[in-house]
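Shown next, in structure tokens, is the structure this report addresses.
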Amino acid sequence: MADRRVDPTRRKSRAFPGRLWIAAGTIALVGFILRPLGSYFGRELRYTGIAVIALGLVVAVVAWLGERWSQAKDREGRE
């Protein structure tokens with residue numbers, strides 16, 4: 001008979017970086033919306049927008065690292 005062993009899917013570990021990518025995009029979008037509003041409502045809002053964009057970039061880097069870690073973990077499991 002054929003070998004019916006099936007490798008389990010790693011949906012949980014792959015969902016985490018995906019959610020982080022969505023969060024990074026949303027955070028950066030909010031930052032890009034806040035920046036032009038600063039010209040109407042004050043400089044503080046503009047600086048807040050710049051800080052929010054930087055936070056979105058940090059979350060994107062964490063998502064990238066999580067994705068790389070997940071891929072490396074999958075390769076180890078296959079060997």
Checking the structure you have, find out if any residue of the stretch 15-26 is part of a helix (DSSP H, G or I), exposed (fewer than 15 other Cβ atoms within 10 Å of the Cβ) and β-branched (Val, Ile, Thr). yes
For the stretch 64-79: of the residues being of a type in the set (Asp, Glu) and surrounded by 12 or more Cβ atoms within 10 Å (Cβ to Cβ), which is modelled with the highest pLDDT? Glu67
Select from the stretch 13-56 the residues that are among the charged types (D, E, K, R) and farther than 30 Å from Arg68 by Cα and list them in ascending order. Arg35, Arg43, Glu44, Arg46
Screening Val30, Val61 for residues that are within 14 Å of the chain's Cα centre (by Cα), among the hydrophobic types (A, V, I, L, M, F, W, C) and modelled with pLDDT of 90 or more leaves only Val61
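The values are calculated or read from the model by the stated rules, or taken from the named source; none is laboratory data. Quick caveat: nothing in here was measured; it's all calculated off a predicted structure. Heads up, the Cβs are rebuilt from the backbone with ideal geometry, glycines too, and the neighbour counts pull from every protein chain shown.
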